[in-house]
Amino acid sequence: MKTTTNSAERALLGSAMRDPRVMSAIVDAIDPDDMGAPEHAALLRLMTSRWRRGDGIDAVSLPEAIALSGQADRFGGLDYVVHTEDLGSPAAAGHYLRVVIEGARRRALRAMQLRVAELLQSGADADEVFSQAAGLLNQAAARGVTKPRTLLDCVQMAREEAEARDEGSDKGRPLATGLGALDEILGGGLRPQR
């Protein structure tokens with residue numbers, strides 16, 4: 001069964017809610033505007049912001065933040081967000097990410113096709129049409145150029161970040177897991193082993 005872009009977007013978000021380490025691969029490969037569904041774009045934008053601050057992006061913390069914002073409709077509603085975590089698997093996040101990137105590239109190509117048609121209809125000269133088409137084609141091709149990482153790559157990257165913090169000025173500062181309750185239990189997050 002072929003995964004649709006919309007279901008892959010939601011499964012990718014759910015995978016990140018289950019395992020925040022997936023966010024590293026997501027933010028390296030796509031932007032919220034690469035999501036086809038507006039509620040998925042809004043949710044990814046919020047998740048990215050919270051993840052970068054070390055705030056929780058799980059099925060408890062995220063809906064709570066959305067409820068406090070009073071803008072649940074922007075995200076598809078609170079039930080939609082809560083049940084997003086039920087979808088997807090962190091182990092399949094690379095597959096979902098590839099489907100999302102393909103969908104974003106196809107939408108960019110359709111937008112390019114419409115723009116070229118508009119230019120031709122307006123009577124623009126061929127050089128102008130070619131110039132704009134080339135620019136739009138380059139933009140479409142650049143979407144998702146970062147190779148999606150496996151979950152193992154994300155874990156390795158998080159470990160390297162923690163080690164770098166331990167060596168640098170942030171020595172002793174915990175690495176947030178993205179799960180607010182777990183970070184609280186751990187005294188702020190994970191700490192390098194001694």
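The values are calculated or read from the model by the stated rules, or taken from the named source; none is laboratory data. Keep in mind the model is a prediction, meaning the values are calculated, not measured. Positions of Cβ are generated from backbone atoms using ideal geometry, with glycine treated the same way; all protein chains shown enter the neighbour counts. For the accessible areas, the whole protein counts, side chains as well, though only heavy atoms, and no ligand, DNA or RNA atoms are used. Shrake-Rupley method; radii C 1.70, N 1.55, O 1.52, S 1.80 Å.
Some points to look at:
- With K and R counted +1 and D and E -1, the other residues having a Cβ less than 10 Å from that of residue 40 yield a net charge of -1.
- Counting 0.36 nm for each residue step from residue 122 to residue 109 and taking away their Cα separation leaves a gain of 2.7 nm.
- Take residue 80: with every protein chain present and a 1.4 Å probe, its accessible area is about 50 Å².
- Per-residue 3J(HN,Hα) values for region 97-102, derived from phi via the Karplus relation 6.51 cos²θ - 1.76 cosθ + 1.60 with θ = phi - 60°, read 4, 5, 5, 5, 4, 4 Hz in sequence order (x marks Gly and Pro).
- Note on residue 102 and residue 78: their simple-model spin labels are 3.7 nm apart, each label 7 Å out from Cα toward Cβ.
- The heavy atoms of residue 78 offer some 70 square angstrom of accessible surface to a 1.4 angstrom probe.
- Distance from region 48-90 to region 1-36 (C-alpha centre basis), Å: 13 Å
- Sites residue 91 and residue 37 - FRET efficiency at Förster radius 30 Å, r taken between beta-carbons, to 0.05: 0.80
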